[in-house]
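See below for the structure under consideration.
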């Protein structure tokens, strides 16, 4: 396998679209920023937006950094912003564009040179196609990024999470952990609690815990803080099996 392990970056993928990757990316960015780490986020392909990445704007808001802090890096933070709300390959095709993974990789490496840590939020799941020839997972593998899996905690989460973990492991990538995200106050507690247990047992991966639904931003962060610190502890320990 080509490439190298990136211990100053992490790829945040979801088991589906809309599972909370953006919020997790912003929260982890805030944990790093409050530690004094020079951190930046990246969204390789943003769809459903005209000119400005709404996900990046949310990252900036949650991390507490002003827009001016990132202004000169905007083009590298969001190499592709497309209007149609669909998979990157389709959104690009409808705009008569082709997503060049090499361009994304160059943007990532420039950010890695200027910042202590890069948080990359994926578009949807790990196997979402960037083009007719390449999936998101192909680029993650080439860069050999550790992966954080975010799953919405709900009925049906088990299968989606196991499939995502299997796809990541099949490429020899290291999973920094699995985070469950509760997007509402609804749901059967018996099911939601067991989702964490059975996924940990069947995957052998660390289920870091659950982000509980909370409309209060500061309370949400306080609940996330120990989870974020655990992710960073694992990254500080290195990524087994990913050395060049």
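The values are calculated or read from the model by the stated rules, or taken from the named source; none is laboratory data. None of the values given here were measured: they were computed from a predicted structure. Ideal geometry is used to build each Cβ from the backbone, glycine not excepted, and the neighbour counts take in all protein chains shown.
Brief remarks follow.
- The range 42-67 - residue that is part of a loop (DSSP other than H, G, I, E, B) and either within 14 Å of residue 106 (Cα to Cα) or under 17 Å from the mean Cα position of the chain (by Cα) (or both) and, of those, modelled with the lowest pLDDT: 53
- Scan of the range 95-107 for residues that are surrounded by fewer than 16 Cβ atoms within 10 Å (Cβ to Cβ) and either assigned to a loop (DSSP other than H, G, I, E, B) or in contact with a helix residue (DSSP H, G or I) (Cβ under 9 Å, 6 or more places away or on another chain) (or both), ordered by number: 95, 96, 97, 98, 100, 106
- Selection within the range 199-219 - within 19 Å of residue 163 (Cα to Cα) and loosely packed, with under 14 Cβ neighbours inside 10 Å: 201, 202, 204
- For residue 33, the criteria (1) more than 15 Å from residue 120 (Cα to Cα); (2) surrounded by fewer than 15 Cβ atoms within 10 Å (Cβ to Cβ) hold in every case but one, which is (2).
- Among the residues of the range 152-180, those identified as within 27 Å of residue 105 (Cβ to Cβ) and assigned to a strand (DSSP E or B) are 175, 176, 177, 178, 179.
- Residue 110 within 17 Å of residue 41 (Cα to Cα), in contact with a helix residue (DSSP H, G or I) (Cβ under 7 Å, 6 or more places away or on another chain), without any contact (Cβ under 8 Å) to a residue 60 or more places away in the chain and part of a helix (DSSP H, G or I): yes
A quick yes/no check of all residues on (1) in contact with a strand residue (DSSP E or B) (Cβ under 8 Å, 6 or more places away or on another chain); (2) closer than 14 Å to residue 15 by Cα:
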site: 96; (1), (2): no, no
site: 161; (1), (2): yes, yes
site: 164; (1), (2): yes, yes
site: 176; (1), (2): yes, no
site: 191; (1), (2): no, no
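- The residue that is farthest from residue 233 (Cα to Cα), counting only those in the range 181-215 that are part of a loop (DSSP other than H, G, I, E, B) and at pLDDT 95 or above, is 204.
- Summed over the range 68-94, residues that are out of contact with any strand residue (DSSP E or B) (no Cβ under 6 Å at 6 or more places or on another chain), under 18 Å from residue 39 (Cα atoms) and not in a loop (DSSP other than H, G, I, E, B) total 9.
- The set of residues from the range 126-151 being assigned to a strand (DSSP E or B), surrounded by fewer than 24 Cβ atoms within 10 Å (Cβ to Cβ) and touching a helix residue (DSSP H, G or I) at 6+ places or on another chain (Cβ under 8 Å) comprises just one member, 129.
- For the range 163-205, a residue qualifies if it is in contact with a helix residue (DSSP H, G or I) (Cβ under 7 Å, 6 or more places away or on another chain) and closer than 13 Å to residue 126 by Cβ, and the qualifying residues are 165, 167, 171, 173, 175, 178.
- Checking every residue in the range 164-176 against the condition of being without any contact (Cβ under 8 Å) to a residue 40 or more places away in the chain, within 20 Å of residue 27 (Cβ to Cβ) and surrounded by 15 or more Cβ atoms within 10 Å (Cβ to Cβ) gives at least one match.
- All of (1) surrounded by fewer than 20 Cβ atoms within 10 Å (Cβ to Cβ); (2) within 15 Å of the chain's Cα centre (by Cα); (3) at pLDDT below 95 hold for residue 114 with one exception: (2).
- Check on residue 123, closer than 23 Å to residue 58 by Cβ and in contact with a helix residue (DSSP H, G or I) (Cβ under 8 Å, 6 or more places away or on another chain): yes
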